[in-house]
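Undergrad: One structure coming up, written as structure tokens, with questions to follow.
The values are calculated or read from the model by the stated rules, or taken from the named source; none is laboratory data. Just so you know, these numbers come straight off a predicted model, no measurement behind them. Cβ sites come from the backbone with ideal geometry, for glycine too, and all protein chains shown count toward neighbours. The protein model used for the area step is the full one, side chains on, heavy atoms only, and it has no ligands, DNA or RNA in it. Shrake-Rupley method; radii C 1.70, N 1.55, O 1.52, S 1.80 Å.
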Amino acid sequence: MENCTNTRSTYAALGPFFIFFLLISWPSRGETASTVVGGPEKVVDMTADSLTVMDAGKKVEAKGHVELRREGTILRADEVRMDRETQDVEAKGHVSLEDPRGTLKADAIRMNLEQETAEVENGDLFFSERQLSVTGRRFQKLPGQAYHVDDAFFTTCLCESGAPSWKIGASQVDLTPEGSGVVRGGTFYIKDIPVFYLPYGFFPLRTERQTGFLFPKLGSSSKDGFRFQQPFFWALSKSSDATVAIDLQTRARVGLTSELRNVWSRQTHGQVNLSYFNESLRDRNNIRIGDPTIADPEIPKDRWNIFATHRQASPSGWTTYSDVSAFSDDLFTRELVDRLDLLPRVTESSLRSSRYSRSRFGLFRSWDSAHLKGEWDFYQDFIQEDERTLHRTPQLSVWGRRPLGETPLELRWRGDAVNYIRRDGGDGLRMDLRPEVMFPFRLPAHLFGSWSVAPRGTFYHLYQTENSSKHNVSRELIELRGNLGTSLGRVFHWGGAELEKIRHIVEPELSYLFIPGVRQRDIPIMDGVDRIGRRNVLTFGLNHRFWGKYTGQTPVPPEEKDVELLDSVVSRDVEDLAQARVALSYDIDRERKGGDSLSDLDMNLQFHPLPSWTVGFDAGLNPGPWHLTQAAATLGLSDPRPIVRRVLDPDFMQPNSLNLSYRFMRKGPNAFLSEDANIDLSVSADCSRHPLDPRCPGTAFNKNVLGELGGRILYRLTDHLLFFLNSSYNVRDSRSANNRAAIKILSQCECWTVTLSLRRNINPSKTSFNFDFNLLGLGSQRSALR
């Protein structure tokens, strides 16, 4: 059973006591002053200015710079006494106990190694990993893993002088064998000023997570008013926890969000996120958003959403999974996505701009040469009517490959069966079978390739048809494929201080595809499988790869020969420097008919001369008028210098970075559908609701589908001040799209942060200001810059 990984957890304020007493519960030991006493598994090395053995070796007394070492743990003191028979150890005078996890300093320590009991006078404990300091007048470990601490203080502040920014004190702390803690007389301090008093508190101590209130989030919006969110974290058990938050926006809504996480094992885990918002505070006269292009622009009074995910692997090899995403209305993701705790691998920008949400339930099994997958997919359409949205319920796929005996032939197969349903419109059951026989070959002069033939049958059982005789239809065709290519390479000696050699690889390839034309008029269109046109196409591709071989270590200046470089960049050996690919298809049939026989020239470039540089470019070029039909360019820069300071806040552990992007898509005959997907050319034009319908008077939609410039900057101005900007600009319409700027302040003692952010959205149009305060070590550890 594993602890549930949780970035929202509050650290156990009293947990370090438990860890510390595990450190001092040493087994029975001997001593050595240039001598090893005891078995190999119980060896303790002891050194001192003077070492005295008394009572026939039963007692040992060491004085002056005493040091005991055992398996990475070091005890230092001015004076140490040890009784071998009773296993009592007493250390006093500048006592320090060091371990890779932390350091304890005290006036005196008395412990019994056999009974695992101990007493510490005036202790000061620091855990570097959690940046947690604990002081107490008296630490006492009792038999049976029970503990008692008097007059304790703890904080995560690293102040060099003066009082810490905050600390929590308790007159008494009792830790039970069951792993729970009771705090009596607790007080929260800002500087040395008590702020509020907790006469009694109960805490679980077996995990790093701690039940309690997280710090609230504050904000303001030009449209929704003042915002207040108060989250509460609940450590339910060792493997499960939950977060519940009240969310209030004074001019729009009041709501409740919740997040439940559970980890049963390494292969089995799940998470459920629920939210509910009541829109009674919103001005009902302004309930409709100015976006008539979507099918349902209404905002209901009661709004909700659910996210859920689970993964489970069984010993028999079967894996089951589910991902649920459902919303009460089509505008929920545009308005309220920033208030949600999203699932892993789901980003706010992708959800906000998504046309669909998908819920799926499935199972998967893999054998040596075959794979089986079954899945149910349900979709919610945010643009068009849900009644006409197709759902896969279910879809069963099987695929695999295996050699045919001792021949070079290989048999590949794939079969798919899917049941498409929807409430309004055509649907049905479809089975698609595609076996394939492939013959790979290798020719002289480094030529290699393959030929394959794949008969394909697609069979339908339609639920709704105008002609009852066409409930069962099919389509049969055959696919012929071939490719021929080679790989040529050469090594160039660069001779640089770091870059030693460059290898250039050229990979030309010629491929052919033939699919005969077949009648498909009676077949419905549910996805891309339902329409396969005639193909008689040659495709030429040319791929260039560049690899760099680096020297084993970056040279160190003569005066710094003893310097050990810690940056991982210097340990590079062979790395991918760049890749460039172009591809162009030639349609033999269109050439015979005098049509446009050339496809767009597909271009792809990936260039990263340094690990901190990334340049990407993808484009399609129409070779007729030589116009770009689509393009995407990216530039990413990251500070290669290592971050040597450790800070509890994850944003200050990120390197400085700059990311720029540009996306473009040229207009086409159906470009108006990108602005209004509900225009239906099969019915009469509704110009009042769909003014972009090309049949409407005076309509001339002459815009490109997409033209957007984006940028993201994260820069640490100082060790305690961070700047963040995420912006996009609509080049097509010459206006700013979505923008977010933030300043994050880390306290000088590195134990709290304040994030001030300003967000401007256009869909819906509103400006928001947010204030986020976090006590590091006790509050949220999730990045605030997303």
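Undergrad: Would you be able to tell me the number of residues in the stretch 401-425 that are outside any loop (DSSP other than H, G, I, E, B) and closer than 24 Å to TYR321 by Cα? I'd like the intermediate steps shown before the answer.
TA: So the first thing to find is which residues in the stretch 401-425 are outside any loop (DSSP other than H, G, I, E, B), and the list is 401-403, 410-421.
Filter once more, so that each one left must be closer than 24 Å to TYR321 by Cα: 414-421.
Going through the stretch 401-425 one residue at a time, the tally reaches 8.
Undergrad: Sticking with this structure for a sec: Return the only residue of ASN738, ASN702, ASN763 being in contact (Cβ under 8 Å) with a residue 12 or more places away in the chain and in contact with a Lys or Arg (Cβ under 6 Å, 6 or more places away or on another chain). Outline the logic, then answer.
TA: Working: ASN738 fails: in contact with a Lys or Arg (Cβ under 6 Å, 6 or more places away or on another chain); ASN702 fails: in contact with a Lys or Arg (Cβ under 6 Å, 6 or more places away or on another chain).
Sole residue among the options that is in contact (Cβ under 8 Å) with a residue 12 or more places away in the chain and in contact with a Lys or Arg (Cβ under 6 Å, 6 or more places away or on another chain): ASN763.
Undergrad: Before we move on, is PHE215 open to solvent by 40 Å² or more (accessible area, probe 1.4 Å), under 30 Å from PRO764 (Cα atoms) and either modelled with pLDDT under 80 or not in a strand (DSSP E or B) (or both)? Working first, answer last.
TA: On the way: open to solvent by 40 Å² or more (accessible area, probe 1.4 Å): yes; under 30 Å from PRO764 (Cα atoms): yes; either modelled with pLDDT under 80 or not in a strand (DSSP E or B) (or both): yes.
For PHE215, the condition - open to solvent by 40 Å² or more (accessible area, probe 1.4 Å), under 30 Å from PRO764 (Cα atoms) and either modelled with pLDDT under 80 or not in a strand (DSSP E or B) (or both) - is met.
Undergrad: Against the condition of a type in the set (Lys, Arg) and within 40 Å of the chain's Cα centre (by Cα), how does ARG423 come out, does it pass? Let's see the steps before the verdict.
TA: Details: of a type in the set (Lys, Arg): yes; within 40 Å of the chain's Cα centre (by Cα): yes.
Here the answer is yes, as ARG423 does meet what is asked.
Undergrad: If you don't mind, another one. Is it fair to say SER397 is within 26 Å of SER314 (Cα to Cα) and open to solvent by less than 50 Å² (accessible area, probe 1.4 Å)?
TA: Working: within 26 Å of SER314 (Cα to Cα): yes; open to solvent by less than 50 Å² (accessible area, probe 1.4 Å): yes.
So SER397 passes the test.
Undergrad: Please verify whether the stretch 455-464 includes one or more residues that are at pLDDT below 90, open to solvent by less than 70 Å² (accessible area, probe 1.4 Å) and not in a helix (DSSP H, G or I). Don't jump to the end; show me each part of the working.
TA: Going through the stretch 455-464, the residues at pLDDT below 90 turn out to be 463-464.
This time we only want the ones that are open to solvent by less than 70 Å² (accessible area, probe 1.4 Å), so: none.
Checking the stretch 455-464: not a single residue is at pLDDT below 90, open to solvent by less than 70 Å² (accessible area, probe 1.4 Å) and not in a helix (DSSP H, G or I).
Undergrad: Report whether or not LEU343 is modelled with pLDDT under 85 and over 20 Å from GLU387 (Cα atoms).
TA: Working: modelled with pLDDT under 85: yes; over 20 Å from GLU387 (Cα atoms): yes.
Spelling it out, LEU343 is indeed modelled with pLDDT under 85 and over 20 Å from GLU387 (Cα atoms).
Undergrad: If a residue must be at pLDDT below 75, in a strand (DSSP E or B) and either open to solvent by 40 Å² or more (accessible area, probe 1.4 Å) or among the polar types (S, T, N, Q) (or both), how many such residues does the stretch 30-70 contain?
TA: 0
Undergrad: In this structure, does GLY255 turn out to be in contact with a Phe, Trp or Tyr (Cβ under 6 Å, 6 or more places away or on another chain), open to solvent by less than 30 Å² (accessible area, probe 1.4 Å) and at pLDDT 90 or above? Full working, then the answer.
TA: Numbers: in contact with a Phe, Trp or Tyr (Cβ under 6 Å, 6 or more places away or on another chain): yes; open to solvent by less than 30 Å² (accessible area, probe 1.4 Å): yes; at pLDDT 90 or above: yes.
Criteria met by GLY255.
Undergrad: Is it the case that GLU675 is over 24 Å from the mean Cα position of the chain (by Cα) and open to solvent by 60 Å² or more (accessible area, probe 1.4 Å)?
TA: Numbers: over 24 Å from the mean Cα position of the chain (by Cα): yes; open to solvent by 60 Å² or more (accessible area, probe 1.4 Å): yes.
Criteria met by GLU675.
Undergrad: Among the residues of the stretch 705-735, write down those that are more than 26 Å from ARG334 (Cβ to Cβ) and touching a residue at least 24 places away in the same chain (Cβ under 8 Å).
TA: First pass over the stretch 705-735, keeping only residues more than 26 Å from ARG334 (Cβ to Cβ): 715-723.
TYR715, ARG716, ASP719, HIS720, LEU721, LEU722 - these are the residues of the stretch 705-735 that are more than 26 Å from ARG334 (Cβ to Cβ) and touching a residue at least 24 places away in the same chain (Cβ under 8 Å).
Undergrad: For the stretch 156-181, how many residues meet the condition of being modelled with pLDDT under 75 and either more than 36 Å from the chain's Cα centre (by Cα) or surrounded by 18 or more Cβ atoms within 10 Å (Cβ to Cβ) (or both)?
TA: First pass over the stretch 156-181, keeping only residues modelled with pLDDT under 75: 173-181.
From what is left, the residues that are either more than 36 Å from the chain's Cα centre (by Cα) or surrounded by 18 or more Cβ atoms within 10 Å (Cβ to Cβ) (or both) are 173-177, 181.
Final tally of qualifying residues: 6.
Undergrad: What number of residues within the stretch 136-149 satisfy the criterion of being open to solvent by 20 Å² or more (accessible area, probe 1.4 Å) and at pLDDT 80 or above?
TA: 3
Undergrad: Continuing with this model, one more query. For the stretch 664-720, give me the residue count where each residue is over 30 Å from SER747 (Cβ atoms) and either in contact with a Gly (Cβ under 6 Å, 6 or more places away or on another chain) or of a type in the set (Gly, Ala, Ser) (or both).
TA: First, pick out the residues of the stretch 664-720 that are over 30 Å from SER747 (Cβ atoms): 664-710.
Narrowing the set further to residues that are either in contact with a Gly (Cβ under 6 Å, 6 or more places away or on another chain) or of a type in the set (Gly, Ala, Ser) (or both) leaves 664, 668, 671, 674, 677, 682, 684-685, 688, 698, 700, 707, 710.
Qualifying residue count, the stretch 664-720: 13.
Undergrad: Provide a single number: the residues in the stretch 602-643 that are aromatic (Phe, Trp, Tyr), closer than 16 Å to HIS544 by Cα and more than 25 Å from the chain's Cα centre (by Cα). Break it down stepwise before answering.
TA: First, pick out the residues of the stretch 602-643 that are aromatic (Phe, Trp, Tyr): 607, 613, 617, 626.
When the remaining residues are screened for being closer than 16 Å to HIS544 by Cα, the result is 607, 617.
Retained after the next criterion (residues that are more than 25 Å from the chain's Cα centre (by Cα)): none.
Number satisfying all stated conditions: 0.
Undergrad: Taking interchain pairs and intrachain pairs at least six residues apart, which have beta carbon atoms under 7 angstrom, with the first residue in the stretch 97-109 and open to solvent by 90 Å² or more (accessible area, probe 1.4 Å) and the second of a type in the set (D, E, K, R) and modelled with pLDDT under 80?
TA: From residues that are open to solvent by 90 Å² or more (accessible area, probe 1.4 Å), the pairs are ARG101/GLU129.
Undergrad: Kindly state which strands (runs of 3 or more DSSP E) lie completely within the stretch 256-353 and contain at least 1 residues that are closer than 19 Å to ILE383 by Cβ and of a type in the set (Phe, Trp, Tyr). Full working, then the answer.
TA: On the way: elements: 269-278, 302-313, 319-327.
Where strands (runs of 3 or more DSSP E) fall fully within the stretch 256-353 and carry at least 1 residues being closer than 19 Å to ILE383 by Cβ and of a type in the set (Phe, Trp, Tyr), they are 319-327.
Undergrad: Collect the residues in the stretch 60-103 that are in contact with a Phe, Trp or Tyr (Cβ under 8 Å, 6 or more places away or on another chain) and of a type in the set (D, E, K, R), keeping them in residue-number order.
TA: The answer is ARG70, ARG101.
Undergrad: List the residue pairs whose Cβ atoms are under 6 Å apart, where the first residue sits in the stretch 423-451 and is modelled with pLDDT under 90, the second is among the aromatic types (Phe, Trp, Tyr), and the two are 6 or more positions apart or on different chains.
TA: Pairs found: ASP427/TYR420; ASP427/TYR463.
Undergrad: Inspect all residues belonging to the stretch 371-390 and state whether any of them is within 30 Å of ASP330 (Cα to Cα), basic (Lys, Arg) and in contact with a Gly (Cβ under 8 Å, 6 or more places away or on another chain).
TA: Within the stretch 371-390 (the criterion being within 30 Å of ASP330 (Cα to Cα), basic (Lys, Arg) and in contact with a Gly (Cβ under 8 Å, 6 or more places away or on another chain)), the answer is yes, since at least one residue qualifies.
Undergrad: Another one. Out of SER765, SER736, which single residue is modelled with pLDDT under 90, among the small types (Gly, Ala, Ser), closer than 23 Å to ASP247 by Cα and open to solvent by 30 Å² or more (accessible area, probe 1.4 Å)? Outline the logic, then answer.
TA: Working: SER736 fails: closer than 23 Å to ASP247 by Cα.
Criteria check complete, one pass: SER765.
Undergrad: Tell me yes or no: at least one residue of the stretch 426-444 is over 30 Å from SER322 (Cα atoms), open to solvent by 50 Å² or more (accessible area, probe 1.4 Å) and of a type in the set (A, V, I, L, M). Break it down into steps so the answer makes sense when it comes.
TA: Pass one, the stretch 426-444, residues over 30 Å from SER322 (Cα atoms): 436-444.
Now restrict to residues that are open to solvent by 50 Å² or more (accessible area, probe 1.4 Å): 437, 439-440, 442-444.
Filter once more, so that each one left must be of a type in the set (A, V, I, L, M): 437, 443.
For the stretch 426-444, residues over 30 Å from SER322 (Cα atoms), open to solvent by 50 Å² or more (accessible area, probe 1.4 Å) and of a type in the set (A, V, I, L, M): present.
Undergrad: Within 15 Å of ASP522 (Cα to Cα) and in contact with a strand residue (DSSP E or B) (Cβ under 8 Å, 6 or more places away or on another chain): is that true of ARG442 in this structure? Talk me through it step by step, then tell me what you get.
TA: On the way: within 15 Å of ASP522 (Cα to Cα): no; in contact with a strand residue (DSSP E or B) (Cβ under 8 Å, 6 or more places away or on another chain): yes.
No.
Undergrad: Within the stretch 355-364, is even one residue touching a residue at least 12 places away in the same chain (Cβ under 8 Å), part of a strand (DSSP E or B) and in contact with a helix residue (DSSP H, G or I) (Cβ under 7 Å, 6 or more places away or on another chain)?
TA: Within the stretch 355-364 (the criterion being touching a residue at least 12 places away in the same chain (Cβ under 8 Å), part of a strand (DSSP E or B) and in contact with a helix residue (DSSP H, G or I) (Cβ under 7 Å, 6 or more places away or on another chain)), the answer is no, since none of the residues qualifies.
Undergrad: Would you please list the contacts, defined by Cβ atoms under 7 Å and residues six or more apart or on different chains, that run from a residue in the stretch 377-400 that is part of a strand (DSSP E or B) to a residue that is among the β-branched types (Val, Ile, Thr) and buried (at least 16 other Cβ atoms within 10 Å of the Cβ)?
TA: These pairs meet every condition: TYR379/THR389; ASP381/THR389; ARG392/VAL418; GLN395/VAL418.
Undergrad: Scan the stretch 567-589 and give yes if some residue there is closer than 29 Å to ASP733 by Cα and either open to solvent by less than 40 Å² (accessible area, probe 1.4 Å) or touching a His at 6+ places or on another chain (Cβ under 9 Å) (or both), otherwise no. Before you say what the answer is, go through the steps one by one.
TA: Within the stretch 567-589, the subset closer than 29 Å to ASP733 by Cα is none.
Taking every residue of the stretch 567-589 in turn, none turns out to be closer than 29 Å to ASP733 by Cα and either open to solvent by less than 40 Å² (accessible area, probe 1.4 Å) or touching a His at 6+ places or on another chain (Cβ under 9 Å) (or both).
Undergrad: Sticking with this structure for a sec: Go through the stretch 520-538 and report how many residues are surrounded by fewer than 17 Cβ atoms within 10 Å (Cβ to Cβ), among the basic types (Lys, Arg) and in contact (Cβ under 8 Å) with a residue 12 or more places away in the chain.
TA: 1
Undergrad: Only one of (1) of a type outside the set (Lys, Arg); (2) surrounded by fewer than 15 Cβ atoms within 10 Å (Cβ to Cβ); (3) under 19 Å from LEU660 (Cα atoms) fails for SER684. Which number is that?
TA: (3)
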